[in-house]
1. Restricting to helices (runs of 4 or more DSSP H) lying wholly in the range 56-141: which have 2 or more residues that are within 12 Å of the chain's Cα centre (by Cα), of a type in the set (Lys, Arg) and at negative phi?
2. Kindly indicate which of Lys20, Lys44 is more than 23 Å from Lys105 (Cβ to Cβ), modelled with pLDDT of 95 or more and touching an Asp or Glu at 6+ places or on another chain (Cβ under 9 Å).
3. Condition check: acidic (Asp, Glu), over 30 Å from Asp24 (Cβ atoms) and part of a helix (DSSP H, G or I). Does Glu49 satisfy that?
4. Do we have Val26 as under 18 Å from the mean Cα position of the chain (by Cα) and either surrounded by 14 or more Cβ atoms within 10 Å (Cβ to Cβ) or in a strand (DSSP E or B) (or both) here?
5. Filter the range 105-134 down to the residues that are more than 26 Å from Gln52 (Cβ to Cβ) and either loosely packed, with under 14 Cβ neighbours inside 10 Å or touching a Ser or Thr at 6+ places or on another chain (Cβ under 6 Å) (or both) and list them by number.
6. Would you call Thr28 at pLDDT below 90, under 26 Å from Ala97 (Cβ atoms), among the β-branched types (Val, Ile, Thr) and out of contact with any Phe, Trp or Tyr (no Cβ under 6 Å at 6 or more places or on another chain)?
Amino acid sequence: MADALVLQVEGLSELMATFKRYFDDVDTSDIIIQAFSSMGYEVKAQAQELLQEKIYDTPERGYIRTGLLKANIEPDAPKKGGGEISVVVRAKQDYAAYIELGTSKMKPRAFMLPALQMKAEKCQEILKAALTTFLESKVHL
């Protein structure tokens, strides 16, 4: 399997580390885990929308479009470990990397990295809301 494309938000590790200093369970909290799951589904939906525009809404070029690539984009369950949480969104078809990165005979039609970039702000909003809810549950505001 090819290496994953990773979008890292600057300051997120420091923010989570700050919360972890005060609340041991921040990285195992259902509120935070659900937020990461929601972020994964946001990226999934955007990647599927981009695929629709870049692949499925263009004229066919001699191959059959089954829709399997679009149907098989899925976020994994959020992973916890080492004081960090992450969610991985995968295009689970073998040829996904060729569409994303192109080949010597085909130009790239990226859909995963642009989806990550387009949803970065929305993901930050989701995490901010989750951290606020988590903090409120701990300090009983």
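The values are calculated or read from the model by the stated rules, or taken from the named source; none is laboratory data. Only a predicted model underlies this, so the values are computations on that prediction, with no experimental measurement involved. Note that each Cβ is placed from the backbone with ideal geometry, even for glycine, and that neighbours are counted across all protein chains shown.
1. Working: elements: 68-71, 96-101, 112-139.
Fully inside the range 56-141 and qualifying: 112-139.
2. Numbers: Lys20 fails: modelled with pLDDT of 95 or more.
Being more than 23 Å from Lys105 (Cβ to Cβ), modelled with pLDDT of 95 or more and touching an Asp or Glu at 6+ places or on another chain (Cβ under 9 Å) holds for just one of Lys20, Lys44, which is Lys44.
3. Answer is yes for this residue.
4. Numbers: under 18 Å from the mean Cα position of the chain (by Cα): no; either surrounded by 14 or more Cβ atoms within 10 Å (Cβ to Cβ) or in a strand (DSSP E or B) (or both): yes.
Considered against the rule, which asks whether it is under 18 Å from the mean Cα position of the chain (by Cα) and either surrounded by 14 or more Cβ atoms within 10 Å (Cβ to Cβ) or in a strand (DSSP E or B) (or both), Val26 comes out as no.
5. To start, the set of residues in the range 105-134 that are more than 26 Å from Gln52 (Cβ to Cβ) comprises 127-134.
Lys128, Ala129, Thr132, Phe134 - these are the residues of the range 105-134 that are more than 26 Å from Gln52 (Cβ to Cβ) and either loosely packed, with under 14 Cβ neighbours inside 10 Å or touching a Ser or Thr at 6+ places or on another chain (Cβ under 6 Å) (or both).
6. Working: at pLDDT below 90: yes; under 26 Å from Ala97 (Cβ atoms): no; among the β-branched types (Val, Ile, Thr): yes; out of contact with any Phe, Trp or Tyr (no Cβ under 6 Å at 6 or more places or on another chain): yes.
No.
One line per residue, one yes/no per condition, for (1) under 30 Å from Glu14 (Cβ atoms); (2) of a type in the set (Asp, Glu); (3) touching a strand residue (DSSP E or B) at 6+ places or on another chain (Cβ under 9 Å):
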{"position": "Lys54", "(1), (2), (3)": "no, no, no"}
{"position": "Thr58", "(1), (2), (3)": "no, no, no"}
{"position": "Lys80", "(1), (2), (3)": "yes, no, yes"}
{"position": "Lys92", "(1), (2), (3)": "no, no, yes"}
{"position": "Gly102", "(1), (2), (3)": "no, no, no"}
